[in-house]
Amino acid sequence: MLKIGHRGARGYEPENTLVSFQKAMDLQVDGIELDVHLSLDGELMVIHDETIDRTTNSKGEVNTFTRAELQNLNIENNNKIPTLEEVFDLVNRRCFINVELKSFDSAEKTVTLIEKYIQDKNWEYSDFIVSSFDWKALQDVNLRNPKIPIGVLTEADLDEALAFAKIIKAKSIHPDFQLLSKENTAQLQEKGFEVLPWTVNEPADIKKIQSFNVNGIITDFPDRI
Ligand code: G3P
Ligand code: CA
């Protein structure tokens, strides 16, 4: 069962920072999950919210600041917002990277960056999963490069996610863990999809979800898996 660190190891370090991703790897994850938005000057920035209000010492929408401006901001404990490329370099193939696209406009550059690491640095497609709640963004990724593994995110409807996963030939379905049962997990797997639920943190929930034989668990506390 794959152990996937949500926003790194969010339970222990500030989310979506290099120290959080390093902590996740120290906890022997199989993969990390992270969130991506585009900056004003078109850089892929690793941050969850559309705004910088919650996680930094300033306010405003991510896409109204340049990369330089965003990297001048402070996150808790003097951490900085990393670029996606900085995270790829830190990880350096020690675990796979689940890139969650938070906006359609980040799809094209994410494909280009993944292709660069595969062509120039000998990474493999299996080093990546690109997921999104924005299924049009996933369609865009798939049209640009159908070899990139796709994860279909859903917080609402498993049937719709399954139908879309078939169309796009996704690798995995990433449901809110509350949507899952042993039966529907098996049904999704029988159709050929891995099931990677999020965000499972409480020990009792982890135990229950493990009993459904999911393929992996996305969690803030990788050492609890
Ligand atoms: O990718 C799974 C999970 O991260 C989706 O929800 O809001 O934490 O990005 P959120
Ligand atoms: Ca996410």
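The values are calculated or read from the model by the stated rules, or taken from the named source; none is laboratory data. Please read all numbers here as calculations on a predicted model, not as lab measurements. Reconstructed Cβ throughout: ideal geometry from the backbone, glycine too, with neighbour counts over all protein chains shown.
Across the stretch 159-178, the number of residues qualifying as touching a helix residue (DSSP H, G or I) at 6+ places or on another chain (Cβ under 7 Å) and more than 15 Å from ligand 1 (Cβ to nearest atom) comes to 3. Only residues that are touching a residue at least 24 places away in the same chain (Cβ under 8 Å), closer than 24 Å to LYS136 by Cβ and basic (Lys, Arg) were counted in the stretch 82-119, giving 2. Per the conditions (1) out of contact with any Leu (no Cβ under 8 Å at 6 or more places or on another chain); (2) farther than 21 Å from LEU40 by Cα; (3) of a type outside the set (Lys, Arg); (4) buried (at least 19 other Cβ atoms within 10 Å of the Cβ), the sole criterion not satisfied by GLU76 is (4).
Could you tell me whether any residue of the stretch 131-139 is over 18 Å from ILE4 (Cα atoms) and of a type in the set (Lys, Arg)? Yes.
Between GLU61, GLU50, GLU76, which is more than 22 Å from SER132 (Cα to Cα) and of a type outside the set (Ser, Thr, Tyr)? GLU76 is the lone residue from the list that is more than 22 Å from SER132 (Cα to Cα) and of a type outside the set (Ser, Thr, Tyr). Taking the numbered list (1) more than 26 Å from ASP127 (Cβ to Cβ); (2) touching a Gly at 6+ places or on another chain (Cβ under 6 Å) in turn, GLU76 passes all entries but (2).
Taking the numbered list (1) of a type in the set (Val, Ile, Thr); (2) under 21 Å from SER20 (Cα atoms); (3) more than 20 Å from the chain's Cα centre (by Cα) in turn, ILE167 passes all entries but (2). Could you check the stretch 188-225 and list, in sequence order, the residues that are without any contact (Cβ under 8 Å) to a residue 12 or more places away in the chain and either within 30 Å of ASN145 (Cα to Cα) or assigned to a loop (DSSP other than H, G, I, E, B) (or both)? Across the stretch 188-225, the qualifying residues are GLU190, GLY192, GLU202.
Considering every residue within the stretch 32-40, establish whether at least one is within 17 Å of ILE225 (Cα to Cα), modelled with pLDDT of 95 or more and within 16 Å of ligand 2 (Cβ to nearest atom). Among the residues of the stretch 32-40, at least one is within 17 Å of ILE225 (Cα to Cα), modelled with pLDDT of 95 or more and within 16 Å of ligand 2 (Cβ to nearest atom), which makes the answer yes.
Filtering the stretch 178-225 to residues that are surrounded by fewer than 16 Cβ atoms within 10 Å (Cβ to Cβ) and closer than 23 Å to MET25 by Cβ leaves PRO203, GLN210. Among the criteria (1) surrounded by 18 or more Cβ atoms within 10 Å (Cβ to Cβ); (2) within 16 Å of ligand 2 (Cβ to nearest atom), the one LEU162 does not fulfil is (2).
Contact map, the stretch 1-29: residues that are farther than 18 Å from LYS102 by Cα paired with residues that are of a type in the set (Lys, Arg) and within 16 Å of ligand 1 (Cβ to nearest atom), Cβ distance under 6 Å, separation 6+ or inter-chain. Pairs shown: VAL29/LYS3. Across the stretch 102-146, the number of residues qualifying as small (Gly, Ala, Ser), in a helix (DSSP H, G or I) and surrounded by fewer than 17 Cβ atoms within 10 Å (Cβ to Cβ) comes to 1.
Rundown of residues vs (1) among the hydrophobic types (A, V, I, L, M, F, W, C); (2) touching an Asp or Glu at 6+ places or on another chain (Cβ under 9 Å), yes/no style:
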residue: ILE118; (1), (2): yes, yes
residue: TYR125; (1), (2): no, no
residue: ALA161; (1), (2): yes, no
residue: PHE164; (1), (2): yes, no
residue: LEU179; (1), (2): yes, yes
residue: ASN201; (1), (2): no, yes
residue: GLY216; (1), (2): no, yes
